[in-house]
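Scroll down for the structure; my scribbles are underneath it.
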Amino acid sequence: MSEFLSDNDLMHLTGCQQRAKQIEVLKNNRIHYFERYDGKPVVAKEAIAFAVRGDSQPSDHTDDGFNLSALSAH
């Protein structure tokens, strides 16, 4: 089983066949995706779960470990 939506799943989710329209729907719904070299959007099934819960992004990406306020102290 793949971790990513199939082409049919993506069409069902967005209601669109055109790549540009699929990307527009994904952006409007704040669903994280990446684009392949050919421009096709790829969506992880986990991204759908985050969108359904209302999370803007996976929790492990909210803290990147950088303390930017420490830079301004110098």
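A short reminder: the numbers here are calculations on the coordinates, not readings from a lab. Bear in mind that the values here come from a model prediction, so they are computed numbers and not experimental data. Cβ placement follows ideal geometry from the backbone for every residue including glycine, while neighbour counts extend to all protein chains displayed.
The eigenvalues of the Cα gyration tensor, multiplied by 5 and square-rooted, give the range 7-58 an equivalent ellipsoid with semi-axes of 18, 11, 10 Å from largest to smallest. Spin-label model, residue 6 to residue 69: label points 7 Å out along the Cα-to-beta-carbon direction sit 4.9 nm apart. Quick check: net charge around residue 26, other residues with Cβ under 11 Å of its Cβ, Lys/Arg +1 and Asp/Glu -1? Value of the local net charge: +2. Here the calculated FRET efficiency for residue 49 and residue 16, from their Cβ-Cβ distance with R0 = 25 Å, stands at 0.75, rounded to the nearest 0.05. The residues packed around residue 2, meaning those with a beta-carbon under 13 Å from its beta-carbon, carry a net charge of -3 if Lys and Arg are +1 and Asp and Glu are -1.
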